[in-house]
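*Asks:* Provided herewith is a single structure, encoded as structure tokens, for subsequent inquiry.
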Amino acid sequence: MLRNIGGVIVGYVLMALIIFLTFTIAYLLMGANNAFEPNTYQVSNLWLVTSFLLAFGAAMMGGYACAAIAGARSRAPIALAVLVIVIGVLAAVPTLRAANAGRDRLTRPAEVSNMEAMQNAVQPGWIAVLNPIIGAGAILLGASLRRRPRS
């Protein structure tokens, strides 16, 4: 039981750390002009693709770590996937309300700090809804890679 709980916690924390680090590096490499549409906080298509790939990789690593800690027959990766869906749907609500709050109409200055970018970025609503579902699938994929017998 403790291994299952530990696997879920470690998997989630690992995903969060990887996402924070890789998104920060990606933003610093891209800069505001490539991460956002001109003069707005609407994220660019390049950012959407990059963030999808980074989040997918982080979710796979979290699922792998969860399965490694919890054991081969554990259902902990399923619990982690459900946790990601629940937290992801709850996090999607502010994104879906962003247009009503006027964040999508803010004018972006040329230089934007990483923290300001995270606070003001506006992504399409369908991305906010789809990310947790795809993340859950990536967790299960990562867990299945850990469970495969080695030849």
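The values are calculated or read from the model by the stated rules, or taken from the named source; none is laboratory data. Bear in mind the structure is a predicted one, so any value in this text is a computation, not a measurement. In this analysis, Cβ positions are derived from the backbone assuming ideal geometry, glycine residues included, and neighbour counts consider all displayed protein chains. These accessible areas exclude ligands, DNA and RNA; they are computed on the full protein's heavy atoms, side chains included. Shrake-Rupley method; radii C 1.70, N 1.55, O 1.52, S 1.80 Å.
*Asks:* Please determine, in degrees from 0 to 90 and to the nearest 10, the orientation of helix 2-30 with respect to the longest principal axis defined by the Cα atoms of the chain, where the helix direction is its Cα long axis.
*Replies:* That works out to roughly 30 degrees.
*Asks:* Once you keep just the Cα pairs under 8 angstrom separated by 6 or more residues, what percentage relative contact order results for region 1-133?
*Replies:* 36
*Asks:* So with the 1.4 Å probe, I'd like the accessible area per residue for the chain, rounded to whole Å². Before the final figure, lay out the partial values.
*Replies:* Numbers: 8940 Å² over 151 residues.
Dividing the accessible area of the chain by its residue count gives 59 Å².
*Asks:* Mind pulling up the Rg/Rh value for region 4-85? Radius of gyration and Kirkwood radius, both on Cα.
*Replies:* 1.13
*Asks:* Right, another one. Can you tell me the orientation of helix 45-70 relative to the chain, as the angle in degrees between its alpha-carbon axis and the longest Cα principal axis, to the nearest 10?
*Replies:* Its long axis makes an angle of about 20 degrees.
*Asks:* On a 0 to 90° scale, report how tilted helix 76-101 is relative to the longest principal axis of the chain, with both axes built from alpha carbons and the result rounded to the nearest 10.
*Replies:* It works out to around 10 degrees.
*Asks:* Now a separate question. When the helices in the chain are scored as -39500 (n - 2.57) per DSSP H run of 4 or longer and the sum is shared across all residues, what 222 nm value do you end up with, to the nearest 500 deg cm²/dmol?
*Replies:* My calculation for the chain gives -26000 deg cm²/dmol from helical runs alone.
*Asks:* Counting other C-beta atoms within 10 Å, and keeping those with at most 13, which DSSP coil chymotrypsin sites (Phe, Trp or Tyr not before Pro) do you find in region 2-66?
*Replies:* Taking region 2-66 and a limit of 13 other Cβ atoms within 10 Å, no loop chymotrypsin sites (Phe, Trp or Tyr not before Pro) are found.
*Asks:* Roughly to the nearest percent, how much of the accessible area of the chain is carbon and sulfur, given a 1.4 Å probe?
*Replies:* 68
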